[in-house]
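Input: a single structure, listed below in structure tokens.
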Amino acid sequence: MNEKFYEAALRHFVDAGILKVQECYDNAVYLYGNSAECALKTMIKTYCGVNSKNIFMNKYKHDLKKIAGDLFSFVVNSSTIALLDPALGLKQQIFTVPEVLFRDHPERRYEGNGIFTLGDAEECERAVHIMIDEMIKQYMDGYIN
């Protein structure tokens, strides 16, 4: 399968926003998690190229916390990123992924209703919006194809 993480990240983000407005907070939080996962994998795919497939399959699978931690560490400590986009390293240093975004991801898809609140969905939306904005910026700058 040829993964289209960029497209999936955008689609999940839009769908999550629609569900949040409809007060379907559990599904919105779940899709924000999927969007974050796809956005982070888009950036890893960009930075790691042909090695990204093995990295996804063997190291990350759906572990958002591990993906985010490694990506942010790579961005902050990478001389290549510092040359290509110095602001990205600074942004990543102050960005934190809210706990609710990766709590029980992806297993939460089997949870009951009423676990997540509007506040949870909004917290996820804010965090993922930053990731989506950065992903789109990288796309517009030609780093993501």
Checklist entry - Does His129 satisfy the condition of being modelled with pLDDT under 75, of a type outside the set (D, E, K, R) and under 18 Å from Leu19 (Cβ atoms)? => result no
Checklist outcome for this item: Of Asp141, Asp120, Asp133, Asp104, the only residue that is within 14 Å of Ser35 (Cβ to Cβ) and among the acidic types (Asp, Glu) is Asp133
Checklist outcome for this item: For segment 1-14, pairs from a residue that is free of Cβ contacts under 8 Å to residues at least 40 places away in the same chain to a residue that is surrounded by 17 or more Cβ atoms within 10 Å (Cβ to Cβ) and part of a loop (DSSP other than H, G, I, E, B), with Cβ under 6 Å and 6 or more apart or across chains, are none
Item to check | Restricting segment 106-145 to residues that are of a type in the set (Gly, Ala, Ser) and surrounded by 14 or more Cβ atoms within 10 Å (Cβ to Cβ), the residue that is farthest from Lys4 (Cα to Cα) | outcome: Ala121
Item to check | Residues (surrounded by 16 or more Cβ atoms within 10 Å (Cβ to Cβ) and part of a loop (DSSP other than H, G, I, E, B)) located in segment 1-43 | outcome: Cys24
Checklist entry - Counting only residues that are of a type in the set (D, E, K, R) and farther than 16 Å from Phe102 by Cα, which one in segment 112-145 is farthest from the chain's Cα centre (by Cα)? => result Asp141
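Condition first: in contact with a Ser or Thr (Cβ under 8 Å, 6 or more places away or on another chain) and modelled with pLDDT of 80 or more. Now tell me which residues in segment 73-125 satisfy that. Steps first, answer last, please.
So the first thing to find is which residues in segment 73-125 are in contact with a Ser or Thr (Cβ under 8 Å, 6 or more places away or on another chain), and the list is 89.
Residues satisfying the conditions do not exist here.
The values are calculated or read from the model by the stated rules, or taken from the named source; none is laboratory data. Since we're looking at a predicted model, the values are computed, not measured. Cβ: placed from backbone, ideal geometry, glycine included. Neighbour counts: every protein chain shown.
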